[in-house]
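The values are calculated or read from the model by the stated rules, or taken from the named source; none is laboratory data. Only a predicted model underlies this, so the values are computations on that prediction, with no experimental measurement involved. Using ideal geometry, Cβ is built from the backbone for each residue, glycine included, and neighbour counts are taken over all protein chains shown. Keep in mind that these areas ignore ligands, DNA and RNA; they rest on the heavy atoms of the full protein, side chains included. Shrake-Rupley method; radii C 1.70, N 1.55, O 1.52, S 1.80 Å.
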Amino acid sequence: MSTLFRIARKEFGAFFSSPVAFIFLGTFLATTLFIFFWVETFFSRNITELRALFEWMPILLIFLVAAITMRMWAEEHRAGTLEFLLTSPVRPVTLVLGKFLACLFLIALALLMTLPLAVTVSFLGPLDWGPVLGGYLASLFLAAAYISIGLFVSVKSENQIVSLITTSLICGLLYLIGSETLAAFFGNKGSEILQLLGSGSRFHSITRGVIDLRDLYYYVAIMGVFLCLNIYGLEKIRWAGNPVNSNHRAWQLACGLLIANFLVANFWLAPMGELRSDMTDGDIYSISDATRSYLGQIREPLLIRGYFSAQTHPLLAPLVPRLRDLLEEYAIAGKDKVRVEFIDPADHPDLEQEAGQKYGIRPVPFQTASKYQASVTNSYFDILIRYGDQYETLGFRDLIEVKAQDEQNLDVELRNPEYDITRAIKKVLYSYQAGGDLFSSMKKPVELIGYFSADERLPKELVSLKSELMGLTQELEAESGGRFSATMVDPETNGGTIADQISQQYGFRPMAASLFDQNTFWFYMMLKSGDQTVEIPLPEDLEKGSLKRAIDAGLKRFATGFTKNIALSVPESMPPMPQYGIPGGGGPKFDALRELLSQEHTVTDADLAKGQVPGEADILLLAAPQELDEKKLFAVDQFLMQGGTVIMSASPYQVDLKGQLSMTEKKTGLEEWLEHNGIVIEKQLVLDPQNTPFPVPVQRNLGGFMVRETKLVNYPYFVDIRPDGMNEDSGITSGLQQVTMNWPSPITIDPEKNKGRKVIKLLESSEKSWLSASTMIQPDFQTHGELGFATEGEQEPHLLAAAIEGGFTSYFTGKPSPLLKKGEEEEQPQQTPPGQEEEKKEEQVIIRQLDKSPDTARIIVFGSNSFLSDTVLGISSSVMRTNYLGPVQLIANTVDWSLEDRGLLSIRGRSHFSRPLHPITKNEQLFWEYLNYGLVLLGLAIIWLLRLRIRKRAEARQLAFLQPETGRVSS
């Protein structure tokens, strides 16, 4: 072993005996930095990762390794020292391994000198070190494989240039085999085989941060094969001129068997997908515990079928093997309950027909262009999840994330496949359960308590409804298997003790049929299980079917495995008036928000004009509320009093993006209600130097002629919130590395009014942000410089989103219900025509009002009414060159958190979304770039100085050896 390391040290020192090694290292490092900062435009990509470095590493290593290894044996041939080495007592295997280690040490030194790039990126953003470590590990293994090839070629050639070219060709061919360019000419199966053989595809698999034993062994096999051939080549040189004997045949047989074992072991390891380690932050490439929990709820066979065409778009083809690996993990985790299939519809016409007719899966035409022609390929890239009679489909738009590097180059990656697939599984699982036993998934018994007055005090409509309720409860008790019970209580018995108790505890108060009706009564229904209570709203039409739906909706809140309902309220659009040539619409659209929420929940439009939120709603979401009247405000208030969650994105301003950029004040109608609950959305706007760009129309003066242009500028009103401004402990910001709040207003929480409630600060601006009450949102760069706006007042963080949980009191406590018309107070008795008395009585309105909420009620406020709109999301997407869904993802997290659905929330937290860089100026970009160039030069200079010092010591030792007695140096 000592001889081996002496040879390696000698060969490693020989690299620096001349400037050649410095030229190779300098060229490699300079090329690496140029590609990273200029070719891949690291700063414009705005992603905290080193993919730009490792994407080019297989190609750069080909030329570096070829240049290093070309002289290893060819120089021995040229100098005539090879025969001397082969006749020395040192075995050929020691010589080969010594030269191999010397080359590997030099490559490791070159990679070490690129480490400042990783450190630089970590300073500029939240870098995930798992893929970085995987990238360096893959580079070392790939370099080792290339070195073994280079040494074998060098031993076969006496010319260094021939060795350089041949090594480059062999290594380049090995890389090209698995490249996307070549794989595009073959089908899915053919491309997968090529990717298993290619060195580059294996390399990129490891650089994701997933260390797979099969990938590492692939490089070990290449090393083993070519090192064996290298040793055998040296032995053949030793035998030159000798007749073939048994020793020669033994060598041939041993090398052949060893090479065969190296190759066959790859096929033996191929099916062992569990031999892998996910080094990424959050294990984003591994099945999560939440996914396993959903799979554990499966009672019937679950089918996951992938429809992937052999011929597909070149950017989608590399993603198919990764989806295949992931789906196979679902099959392993689900055991015999999950069946995974992969089909090419072109090979199975019957399944293709079923996919189109039954599941709506059809091929998508992809337009592709090559150097020679343009063509259209119709292909499938879909996944079907089927459970019982329920199914969900995922197309390529649901599975991928596209980011434009420039106008021509697109970067296509899987978005978060585990989340998308598990979400679909959850949806079909819950939909299937919703059609089955309602009580099977309840952990504790549920009791329905009805607080009803005696029949003689109730209106006849409620007497009938009470009778129907008793019939419904008997049916539910029979179905529940002991998990449901019902109790009817008259609050006015025992001197009204129960009435006082429920009034104080739940905020119930006597109801009336009209404003001046002196006959009051009680008619409240409540579901209770342990400490959790859910109030059942009174159906508006007082029908049995509506009552049954209201009770079922309440029971589902105590059960798991049912789709939840979100009532979405958006600003009303102006109705069309064709007689005046005025089209309808005009209000903000929230289709992206609706679409994302609909993937997991049932989203219904909330018509608050009747003063009531739909009874089946679990959450009320107010998107950009505008001028809510008293009836709408009453609906919001009473939904909160029932223990519901109210989520709102609101601001006292409205932005006009049509024509000149402008802003006006616009009341939400919630100002007094929010202040009553200890929340104030200030009439100011937050500006932050940490912001995202915005294409702003600006005017330029050209000799008195004003030119209107659109420029992409840093816009302080687009507050860029990073993890240091997020409450990561709450779970609401899980999986988000960046959120843009557009034209936000600060939120103030009154600590006195919120005593006893849980207040969670969700989002804050940076410590350099400031406030402005001006509605002039057009930047003026000539007056205010780079920011375009004047810095006013103190610079400090400002609260932009908050969640308050606890018991609330009604804003309408002590006030008459807004559901009664105002004119009813002054209405005079009129003569009723004969025969219409009964019809008149049936039109009476049952008035009920809650004055207090349970402790489970929540108000979640976001201080911007525009950051969720389709228009603003479209602007952000065009600026970032990707489909930007950060704000709607934030709302989806908020909904899951409110519903206490921690499963999907934890999977979404493992999101594959790119992590953006911290905002930096142009000068800071230049500083970091030049710093890396300087560190490379400094490293080379240090190596040069160490070389000179070692060389002087060697010369001194040589002179001392020549004159051992005097120890003097002769002239």
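Here is how the numbers come out for the structure above:
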read-out	value
List GLU767, GLU49, ordered by accessible area with a 1.4 Å probe, largest first	GLU767, GLU49
Hz values of 3J(HN,Hα) by residue in the range 76-82 - Karplus curve (6.51, -1.76, 1.60), Gly and Pro given as x	5, 4, 5, 7, x, 9, 5
Distant alpha-carbon pairs in the range 9-48 (separation over 16 angstrom), percent	53 percent
Calculated Rg and Dmax of the range 439-542 using C-alpha coordinates, Å	14.6, 47
Net length gained if the chain between LYS631 and GLU479 were fully extended (0.36 nm per residue, minus Cα distance)	50.9 nm
The chain, dipole about Cα centre (Lys/Arg Cβ +1, Asp/Glu Cβ -1), debye to the nearest 20	5580 debye
Charge dipole (the range 37-149, unit charges on Cβ, about Cα centre) - positive-most of THR81, VAL39, PHE100	THR81
Separation of the GLU794 and PHE267 label points, Cα + 7 Å toward Cβ, nm	7.4 nm
Computed E for ILE942/ASP780 - FRET, C-beta separation, R0 45 angstrom, nearest 0.05	0.35
Per residue accessible area in Å² of the range 80-179, where ligands, DNA and RNA are left out and the probe is 1.4 Å	38 Å²
Distance (nanometres) between label positions extended 7 Å along Cα→Cβ at ASP336 and GLN599	3.4 nm
Taking only Cα atoms of the range 80-119, radius of gyration then Dmax in Å	15.7, 49
Anisotropy class of the range 95-218 from Cα gyration tensor, a/c 1.5 cut	oblate
Between 0 and 90°, nearest 10: helix 2-15 axis offset from the chain longest Cα axis	90 degrees
Degrees between helix 630-641 axis and first principal axis of the chain (Cα, 0 to 90, nearest 10)	70 degrees
Per-pair calculated FRET efficiency, R0 = 35 Å: THR41 and LEU657 via Cβ, rounded to 0.05	0.75
The chain: relative contact order in percent, alpha carbon pairs under 8 Å with at least 6 residues between	11 percent
Given charges at Cβ of Lys, Arg, Asp, Glu: the chain dipole, positive-most of PHE5, PRO131, PRO751	PHE5
Dipole magnitude of the range 19-121, debye to nearest 20 (Cβ charges: Lys/Arg +1, Asp/Glu -1, about Cα centre)	80 debye
The range 709-748: translational diffusion in µm²/s, Stokes-Einstein, Kirkwood Rh over Cα pairs, 37 °C, 0.692 mPa s	275 µm²/s
Exposure of HIS204 as accessible area (Å², to 10), given a probe of 1.4 Å and all protein chains	70 Å²
Selection from GLN925, LEU670, GLN642 lying farthest towards where the dipole of the chain points positive, charges on Cβ	GLN925
Gain on full stretching of the segment that runs from ARG6 to ILE298 - 0.36 nm per residue minus C-alpha separation	98.9 nm
Percent carbon-and-sulfur accessible area, the chain, ignoring ligands, DNA and RNA, probe 1.4 Å	55 percent
All-pairs Cα distance distribution in the chain, expressed in whole percent, bin size 20 Å	11, 33, 31, 16, 7, 2, 0, 0
Cα-based convex hull, the range 205-322, per residue volume (Å³, whole number)	194 Å³
Longest DSSP-loop-exposure-free segment, chymotrypsin sites (Phe, Trp or Tyr not before Pro), the chain, at most 10 other Cβ within 10 Å	517-971
Taking the range 17-170 and dividing mean pair separation by its residue count, relative contact order in percent (alpha carbons under 8 Å, at least six apart)	39 percent
Per-pair calculated FRET efficiency, R0 = 30 Å: THR809 and ALA773 via Cβ, rounded to 0.05	0.45
Angle between the chain longest axis and helix 870-880 axis [Cα atoms, degrees, rounded to 10]	10 degrees
Inter-label distance for GLN501 and LYS666, nm, one decimal - labels placed 7 Å from Cα along Cα-to-Cβ	4.9 nm
Quarter of Cα convex hull surface for the range 264-395, i.e. mean projection, nm²	11.2 nm²
Sequence of ASP870, ASP724 when ordered by accessible area, the most exposed leading, probe 1.4 angstrom	ASP724, ASP870
